[in-house]
1. Out of (1) open to solvent by 20 Å² or more (accessible area, probe 1.4 Å); (2) closer than 26 Å to A10 by Cβ; (3) touching a helix residue (DSSP H, G or I) at 6+ places or on another chain (Cβ under 9 Å); (4) not aliphatic (A, V, I, L, M), what's the single condition that is false for K96?
2. Only one of I86, I140, I121, I105 is under 24 Å from K4 (Cα atoms), open to solvent by less than 10 Å² (accessible area, probe 1.4 Å), touching a residue at least 12 places away in the same chain (Cβ under 8 Å) and out of contact with any Ser or Thr (no Cβ under 7 Å at 6 or more places or on another chain). Can you tell me which?
3. Cβ-Cβ under 8 Å, sequence separation 6+ or interchain: first residue in the range 170-186 and assigned to a helix (DSSP H, G or I), partner of a type in the set (F, W, Y). Which pairs?
4. Name the one entry in Q109, Q137 that is within 29 Å of I86 (Cα to Cα) and assigned to a helix (DSSP H, G or I).
5. Tally the residues that are in a loop (DSSP other than H, G, I, E, B) and open to solvent by less than 70 Å² (accessible area, probe 1.4 Å), restricting the search to the range 3-58.
6. Look at the range 157-169 and say how many of its residues are surrounded by 14 or more Cβ atoms within 10 Å (Cβ to Cβ) and in contact with a helix residue (DSSP H, G or I) (Cβ under 9 Å, 6 or more places away or on another chain).
7. Give me a count of the residues in the range 124-135 that are farther than 19 Å from S186 by Cα and either among the aromatic types (F, W, Y) or open to solvent by 10 Å² or more (accessible area, probe 1.4 Å) (or both).
8. Can you tell which of G65, G74 is at pLDDT 95 or above, in contact with a Ser or Thr (Cβ under 8 Å, 6 or more places away or on another chain), surrounded by 13 or more Cβ atoms within 10 Å (Cβ to Cβ) and part of a loop (DSSP other than H, G, I, E, B)?
Amino acid sequence: WIWKGPDKNAVYLTFDDGPTKELTPWILELLRKKEIKATFFCVGECAVKSPELIKQIMADGHALGHHTMHHENGWKTRANNYINSIVESQAYINSKLFRPPYGKITFSQAQRLRKLGFKIIMWSWLSYDFDKTINAQKIIAKSEKIKGGDILVFHDNFKAQENAKKVLPYLISSIESRGLCFKLLS
């Protein structure tokens with residue numbers, strides 16, 4: 001499992017659960033304006049619904065990763081079904097990066113994925129942008145602890161929309177003002 005990025009002068013911005021028409025286009029526009037690249041861990045069924053967003057993510061120079069076909073929890077899904085879900089999503093997401101939904105994956109599932117050539121990407125900073133009990137100001141306060149090498153998780157789904165739109169512009173400016181840059185995971 002990879003929990004930190006290799007460059008201590010950079011942070012690694014990632015988005016889980018999309019793409020969605022509600023939030024992904026807004027994120028792509030913000031990243032384009034700020035000239036930032038990010039890694040999008042996409043759910044296969046979302047990629048099927050919005051192939052134009054997958055194409056736009058790639059055209060903008062961002063990286064893609066898998067997040068299973070149906071956002072399965074690895075602790076509650078049989079190993080064969082879990083692996084098959086990831087293999088199925090490869091028809092829509094061309095990548096060898098994988099992030100387990102909820103961060104839950106068994107040791108045997110991880111071993112099988114690594115044998116298939118996948119890198120399992122975790123995170124060192126979670127925004128909780130999807131949590132309606134956490135407001136933008138709490139996320140912004142927590143973001144002051146971000147440091148070089150951190151892998152940051154935001155979400156490009158409907159639940160995260162309100163917090164992400166308030167937090168992301170501030171967070172980007174704050175990180176850049178600390179002399180850190182943004183890099184892709186590969």
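The values are calculated or read from the model by the stated rules, or taken from the named source; none is laboratory data. Since we're looking at a predicted model, the values are computed, not measured. Cβ sites come from the backbone with ideal geometry, for glycine too, and all protein chains shown count toward neighbours. Quick note on the areas: whole protein, heavy atoms, side chains included, nothing else; ligands and nucleic acids left out. Shrake-Rupley method; radii C 1.70, N 1.55, O 1.52, S 1.80 Å.
1. For K96, the failing item is (3).
2. Values: I86 fails: out of contact with any Ser or Thr (no Cβ under 7 Å at 6 or more places or on another chain); I140 fails: open to solvent by less than 10 Å² (accessible area, probe 1.4 Å); I105 fails: open to solvent by less than 10 Å² (accessible area, probe 1.4 Å).
Going through I86, I140, I121, I105 in turn, just one is under 24 Å from K4 (Cα atoms), open to solvent by less than 10 Å² (accessible area, probe 1.4 Å), touching a residue at least 12 places away in the same chain (Cβ under 8 Å) and out of contact with any Ser or Thr (no Cβ under 7 Å at 6 or more places or on another chain): I121.
3. Once the first residue is assigned to a helix (DSSP H, G or I) and sits in the range 170-186, its partners that are of a type in the set (F, W, Y) give I172/F182; I175/F182.
4. The conditions single out Q109.
5. Of the residues in that region, 11 qualify.
6. 9
7. Qualifying residue count, the range 124-135: 8.
8. G74 is the lone residue from the list that is at pLDDT 95 or above, in contact with a Ser or Thr (Cβ under 8 Å, 6 or more places away or on another chain), surrounded by 13 or more Cβ atoms within 10 Å (Cβ to Cβ) and part of a loop (DSSP other than H, G, I, E, B).
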